[in-house]
Structure formats: structure tokens, C-alpha cells
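Bear in mind these aren't lab numbers, they're just calculated from the coordinates by the rules spelled out. This one's a predicted model, so the numbers in the text were calculated from it and none came from an experiment. Here the Cβ positions follow ideal geometry from the backbone for every residue, glycine too, while neighbour counts run over all protein chains shown.
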Amino acid sequence: MSRTPVVLVTGFDPFGGEAVNPSQQIAQALDGEIIAGHRIVGAILPTQFGAAPEMLEKLIARHRPALVLALGQAGGREGISLERVAINLIDARIPDNAGSQPVDVRIVDNAANAYFSTLPIKAMLQRLHAAGIPAALSQSAGAFVCNQVFYALMHALRRRRTRGGFVHVPYLPEQAARHACAPWMPLDAMVGAVRLCLETALTTSTDAHYAAGALD
Ligand code: PCA
């Protein structure tokens, strides 16, 4: 068996009437790459409440990654969004891919209200800006399946050394054509951006004030 440490990168299948999901294509593009001495395992989660975090937890158990980066599409956002915080809440505006639309429910009972990303998001932001890639920190990953996966990830990692976080990406050009004036980014630029994020995370320690993880 290979001793190269693994980084798990997840994307989602298309949802909300879209034919594609850029996060899926990025995870597939990076699968098998070696970045900073780590082998990338790319995997696709279903855009379904419950099924997505379950699959993520199985992937973590199987691959025992050193770091986990979950990706999702945030149509309408400009550039790369480095998510800072996952909240213990589902409030779905649209049904998921299984037709489920929970409103105002907690993700995990008797658990923290929120968790911070344990990735060095400020260092990642600087690196993206230095490379001329539009990017910003985001204080909310929403209250749909992406936030559920982000929360479940940080909850699963809360007592482990494995670091984790979430990055939202904008539409692909072919998706933006269906949404008047929506911002977009070519796939190559997004793949390059996520590669830079991973390289930075794997070579930088996480900002000290994120280390506590949970916000109660
Ligand atoms: N984006 C959705 C779920 C799947 C995806 O790619 C979200 O932001 O919640």
C-alpha cells in the first residue's frame, strides 16, 4: 500500500436544474494529482441532505486523509469563496436531489452551534490574490447541503488532527449563459485556484485563532 499521505477533495453532483456542477469537475480534475507530497483523492457527493455527510464520513474512514477540502457551487457569487464558518442549521430554499427540503432544523442535536474552518484561509486568500485570481473570505456557506457537509466535516474532525474546510466556486461559463449577468470562471482557472489553496494549506499552519474549532 502507498504511504503517500492523502488529501480528500470532494465535489457535488449537479442540482437545482443545472446540467453540470463545477465542484464535481474540479474534484475529478485533481483526482490522482500529487500536491506538496500528498495524493489527492477526488470524490463526488450527492446533493442530498443526509446522504452527502454519510458518504463523506465513509470516505474519511476509508482514506484517513491528512486534510479534507470540500467544494461546492455557489451560483451568483463572484470568484472563489473561502468559507470561514459552518453553522448547525438547515434551511433549504429549494429541494435537494431527493426532493427533501428541511426548514429550520439542526444538523446535529446537542452539538456546537458552529465550527470554524481549520484551514489557513487568510494565507490561501493572499496566495489567490497574488496569482490574480478573484477570491474572498465568506462568513456563511448558506443553509443548504454544502453547509450541512461543511458542518458534518468539522464535527467529524473536532477531536482529530486532520484539518478541514470548505470552498465555494462560481458558475462555469456555460451555466452563466442561462442566468442573466451571473459571474463565472473558466474550469481551468478554478482547478488552478483549488490547487493553490491546497498547496498553501499543506505548507502553512492554520492561523492560531481558528485552532479552537467550535463556537458554542
Ligand atoms: N452547492 C450547494 C449544494 C451542492 C453545491 O454544489 C450549496 O451551496 O449548498
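Distance from the Cα centroid of region 101-136 to that of region 1-63 is 17 Å (rounded to whole angstrom). Computed over neighbours whose Cβ is under 15 Å from that of F144, the net charge equals -3, Lys and Arg +1, Asp and Glu -1. Computed log10 I(q)/I(0) for region 19-58 at 0.14, 0.17 Å⁻¹: -0.38, -0.53, from the Debye equation with unit scatterers placed on every C-alpha and solvent omitted. Scanning the chain for trypsin sites (Lys or Arg not before Pro) in DSSP loops with at most 15 neighbouring Cβ atoms within 10 Å leaves 4-92 as the longest stretch between them.
So if I take the alpha carbon set of region 89-160, get Rg, then get Rh from the Kirkwood formula, what is the Rg over Rh ratio? Here Rg/Rh amounts to 1.05. For region 8-131, the alpha carbon convex hull comes to 133 Å³ per residue, rounded to a whole number.
In the chain, the convex hull through the Cα atoms has an average projected area of 11.3 nm², a quarter of its surface area. What the pair-distance distribution of region 1-71 shows, using all Cα-Cα distances binned every 10 Å from zero, is 21, 51, 23, 5, 0 percent.
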